[in-house]
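Report on the structure given below.
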Amino acid sequence: MHPVLALALAALAFWDAGRLLAGRLGDGLTWLPLAMVAAALAWPMARKLRDGKAGAVPPMLLCTIFAGYGLAALTAPPLIRMSIAVAGLVLILRQAAGGDFPVAPAFGLGLLALPVLPSLEFFLAYPLRLVSAMLTAGLLRLGGINVGVDGVALDWNGDRLLFDAACAGVKMLWAALLLVSAIALAARFTPSRYARAIGLAIVLTVAANALRAASLFYVENGFVPRLNGPFTHEAVGIAAFIMAAAALVATVAPQVEKSA
């Protein structure tokens, strides 16, 4: 089956997932990463179509995808249905583009472009708060500050400095995973190389978040002059993410050059 026809049938079959997605994306800014990811995923197939080399999509694959989505639509929550729709579209694009389309990074990029942040915060916020509290306390002890850890809080001079959900670094982690998935897609990473890049992104992001928290501890407890203005948290957070992103690019991108 021609890939354009297959995508048209998929759009009809996944109309409910599209409706759910539209309802979860409330403003124009949230559409931007989704549109950019869709363009990146569609480009290899578009290039093959332009050159007249696009592969056919087996009808049996379409039937399997649609049957799986139909079963999920009966009982699965909205995010699972949207994820299955994305997986189906990725498989169709893979058939059309052939070897120019790395499946693992495409899956990752497509899923991360969905409105997954609330779910990530629900499942990961508490574990990340625990890890961040322990790492931050370790960094502060290295600086000569006697800080203890009490659950998801720092114990200092009898005060409990709580790591709330915003301090977990979930948004930073999501952005880092999106970045490394985009690099992996462009470089056509194999699944194993992509998994290593994902692991590196997680490690660097958790470390950057701990560094951000330790820096804010110094700023907000009088160890350094308090920065003027209400944007101290945002500025320190942006600086920490830039450091993590730069480290990711420096460690992952050179591997792209070696594999070329």
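The values are calculated or read from the model by the stated rules, or taken from the named source; none is laboratory data. Just so you know, these numbers come straight off a predicted model, no measurement behind them. Using ideal geometry, Cβ is built from the backbone for each residue, glycine included, and neighbour counts are taken over all protein chains shown. SASA here: full protein model, heavy atoms, side chains in, ligands and nucleic acids out. Shrake-Rupley method; radii C 1.70, N 1.55, O 1.52, S 1.80 Å.
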Descending packing, highest mean Cβ count within 10 Å first, for 159-172, 238-251 is 159-172, 238-251
Per-residue ellipticity at 222 nm attributable to helices in the chain (runs of n ≥ 4 DSSP H, -39500 (n - 2.57) apiece, nearest 500 deg cm²/dmol) works out to -25500 deg cm²/dmol
Taking Cα pairs closer than 8 Å and at least 6 residues apart, the relative contact order of the range 1-114 in percent is 40
In whole angstrom, the spacing between the Cα centers of the range 167-238 and the range 105-144 equals 9
So the angle from the long Cα axis of helix 117-142 to the longest Cα principal axis of the chain, reported in degrees to the nearest 10, equals 30
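How large is the accessible surface per residue of the chain, computed with a 1.4 Å probe and reported in Å² as a whole number? Before the final figure, lay out each step's value.
Details: 13610 Å² over 260 residues.
Heavy-atom SASA per residue in the chain reads 52 Å².
To the nearest 0.05, what FRET efficiency results for T251 and F122 with a Förster distance of 25 Å applied to their C-beta separation?
Details: r = 30 Å, r/R0 = 1.19.
Plugging the Cβ-Cβ distance into 1/(1 + (r/R0)^6) gives 0.25.
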For S132, S215, the accessible-area ranking with a 1.4 Å probe, largest leading, is S215, S132
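May I ask you to derive the relative contact order of the chain, considering only C-alpha pairs under 8 Å and at least 6 residues apart, and to give it as an integer percent?
Details: 269 pairs, mean separation 44.6, N = 260.
Once normalised by length, the contact order is 17 percent.
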Of every hundred units of 1.4 Å-probe accessible area on the chain, the number belonging to carbon and sulfur atoms, as a percent, is 70
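I'd like to compare 43-50, 104-111: which one has the highest average count of other Cβ atoms within 10 Å, and what's the full order after that?
Working: 43-50: 16.6, 104-111: 23.1.
Result, highest mean Cβ count within 10 Å first: 104-111, 43-50.
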